[in-house]
Amino acid sequence: MSAPESAHPGDTLARVIAVWDRIERLLVGLLGAFALVIAVIQVVGRYLDPAQAITWAEEVIVYVAVWAVMLAASELVHRDGHVRPDLVLRLLKPHVQRWVEMFNCLVAIAFTFGMVWYGWVVVATAQMLDQRSSTDLQFPIWIYYLALPTGGALMCARYVIRLIRYALFFDPKTMTVGQHIAVHEALPEPAVSFTE
């Protein structure tokens, strides 16, 4: 049997993005759990046998945290969670918001492309020089530096998708800031009417 012909290409994209989101969240969670385990092992080791405690725990925790942050930044693009002046956007009409959002996406694409480009230069230089950490671990620094172009590439892809959505599939009911007032932001009905 073949797939139904009524399948919409947007449905496939939505499924791919949902899988992408789950993979990112899983990786960030695993990295956080790994950092926590390393921290616990180090603290317990210091108290039980300080001479045998691991000396490279802080270094690994920093590497893992940076990777987790760079992966989580992509999810923030998708969820519209990066810090921005949405107060200004709330004052604009939906069609103007669309153009401001598309401009924002273009600037973000340029910035994240720069992160990928220069991040890759740093990674290549670290590989060429065989840079390693100064601790007993002697960790290859290029793996740590690789978080920058990886996170930049993931964010760039998310901003490209966001730009396409605003340019081709704009829906003012769901894609504008300030159109939906959250329950906790809504003003309560006055108990007494002052218009009488």
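The values are calculated or read from the model by the stated rules, or taken from the named source; none is laboratory data. Treat the numbers as computed from the prediction; the structure is a model and nothing was measured. Positions of Cβ are backbone-derived with ideal geometry, glycine not excepted, and every protein chain shown enters the neighbour counts.
Quick one: in segment 1-13, which of the residues that are aliphatic (A, V, I, L, M) and exposed (fewer than 11 other Cβ atoms within 10 Å of the Cβ) is modelled with the highest pLDDT? Steps first, answer last, please.
Taking segment 1-13 first, the residues aliphatic (A, V, I, L, M) are 1, 3, 7, 13.
Those left that are additionally exposed (fewer than 11 other Cβ atoms within 10 Å of the Cβ): 1, 3, 7.
Numbers: M1: 43, A3: 48, A7: 56.
It comes out as A7.
Only one of these is crowded, with 16+ Cβ neighbours inside 10 Å and either of a type outside the set (D, E) or more than 28 Å from V160 (Cβ to Cβ) (or both): G81, G114, G119. Name it.
Details: G81 fails: crowded, with 16+ Cβ neighbours inside 10 Å; G114 fails: crowded, with 16+ Cβ neighbours inside 10 Å.
Going through G81, G114, G119 in turn, the sole match is G119.
Look through E101, E58 and report the one residue that is without any contact (Cβ under 8 Å) to a residue 60 or more places away in the chain, in a helix (DSSP H, G or I) and either at positive phi or surrounded by 12 or more Cβ atoms within 10 Å (Cβ to Cβ) (or both). It would help to see each step written out before you state the result.
Details: E101 fails: without any contact (Cβ under 8 Å) to a residue 60 or more places away in the chain.
After applying the criteria, what remains is E58.
Count, please, the residues in segment 81-108 that happen to be at pLDDT 95 or above and either farther than 23 Å from T176 by Cα or among the small types (G, A, S) (or both).
Here the count works out to 1.
Could you tell me whether I23 is under 15 Å from M155 (Cα atoms), in contact with a Cys (Cβ under 8 Å, 6 or more places away or on another chain) and without any contact (Cβ under 8 Å) to a residue 60 or more places away in the chain? Even if it seems obvious, please write down each step before you answer.
On the way: under 15 Å from M155 (Cα atoms): yes; in contact with a Cys (Cβ under 8 Å, 6 or more places away or on another chain): no; without any contact (Cβ under 8 Å) to a residue 60 or more places away in the chain: yes.
So I23 does not fit the description; no.
Answer yes if at least one residue in segment 109-123 is at pLDDT 90 or above, in a helix (DSSP H, G or I), farther than 27 Å from I23 by Cα and of a type in the set (A, V, I, L, M, F, W, C), and no otherwise. Even if it seems obvious, please write down each step before you answer.
If we filter segment 109-123 for residues that are at pLDDT 90 or above, which is where we start, we get 109-123.
Now drop any that are not in a helix (DSSP H, G or I), which leaves 109-123.
Imposing the further condition that a residue be farther than 27 Å from I23 by Cα reduces the set to none.
No, every residue in segment 109-123 fails to be at pLDDT 90 or above, in a helix (DSSP H, G or I), farther than 27 Å from I23 by Cα and of a type in the set (A, V, I, L, M, F, W, C).
Look through segment 124-149, keep the residues that are assigned to a helix (DSSP H, G or I) and not aliphatic (A, V, I, L, M), and return whichever of them is nearest to A53 (Cα to Cα). Step through it out loud before you land on a result.
So the first thing to find is which residues in segment 124-149 are assigned to a helix (DSSP H, G or I), and the list is 124-129, 141-145, 147-149.
Retained after the next criterion (residues that are not aliphatic (A, V, I, L, M)): 125, 127, 142, 144-145, 149.
Working: T125: 33, Q127: 30, W142: 26, Y144: 23, Y145: 27, P149: 33 Å.
Result: Y144.
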